[in-house]
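Below is one structure, written out as C-alpha cells, with a few remarks after it.
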Amino acid sequence: MAWYRGKSSVAQQMYKRVKFGQIVVGGMVPVLAVVPGWNWLTAIVAATVVIAEGAQQLFQWQNNWLGYRSIAEALKGEKYLYLAHAGNYRDGDRRTVLAERLEQLLSQQNLRWIDEHESQRSVPPPTTP
C-alpha cells in the first residue's frame, strides 16, 4: 500500500507541475507574439508547451496517478475488511483469503497495464505524404 501511495503522490505532483507549467508558458505565447522582433522567443516558448505535452503523453503521469491511487484505495479497503473480520474475511482462513484477494487485485492491475501498453503499441505509425 505504501508503495502505491508513494508512486501515486509522485505521479500526481509531476502531472500538476507539468500542466501548470504548460498553462503559464502557454499564456505567455500570445503576449510574446505581439512584441516586435521577438518571434524567436515566441517560437521557443510555444515549443516548450509542445515538449511538455509530449512528456506528459510519454510518461503518463495522470494515468499513473489515477491507477496507483485506485489500487492503493482497493488495498486499503481489503485491509480494513480483514482487520474487522468483515466481508470475505468473516469465516475460514482469513490469511489465505487475504492473499487471494490481494493477488487478484494486483493481477487485474497488471492486466490493465498490459492492455494499455499493447493498445499503444498496436497503433500504426503515421505515414508521411
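Other residues within the sphere of radius under 13 Å centred on the Cβ of Asp93, judged by their own Cβ, net out at +2 (K and R +1, D and E -1).
For the chain, the longest principal axis of the C-alpha atoms and the axis of helix 2-33 are separated by about 20°. Count neighbours as other Cβ atoms within 10 Å of each site's Cβ, and list the trypsin sites (Lys or Arg not before Pro) in segment 9-102 that are DSSP loop with at most 13 such neighbours. Those that pass, being in a loop and sparsely packed, are Arg90. Within segment 2-121, all pairs of alpha-carbon atoms sorted by distance into 10 Å bins from zero give the percentages 12, 28, 23, 17, 11, 6, 3, 0.
Coupling constants for segment 108-116 follow from the phi torsions by the Karplus curve (6.51 cos²θ - 1.76 cosθ + 1.60, θ = phi - 60°), and in residue order they are 4, 4, 4, 5, 4, 4, 5, 4, 4 Hz; glycine and proline get x.
Note down the net charge around Gln22, summing +1 for each Lys or Arg and -1 for each Asp or Glu among other residues with Cβ under 15 Å from its Cβ. Local net charge: +2. Evaluated over the chain, the count of Lys pairs having alpha-carbon atoms less than 21 Å apart is 4 (only pairs 8 or more residues apart or interchain). What is the helix-to-structure angle for 61-83, meaning the angle in degrees between its Cα long axis and the longest Cα principal axis of the chain, kept from 0 to 90 and rounded to the nearest 10? Once rounded, the angle reads 20 degrees.
No value in this document is a laboratory result; all are computed from the given coordinates. Since this is a predicted model, take the numbers as computed values, not measurements. Neighbour counts run over all protein chains shown; Cβ positions are idealised from the backbone, glycine included.
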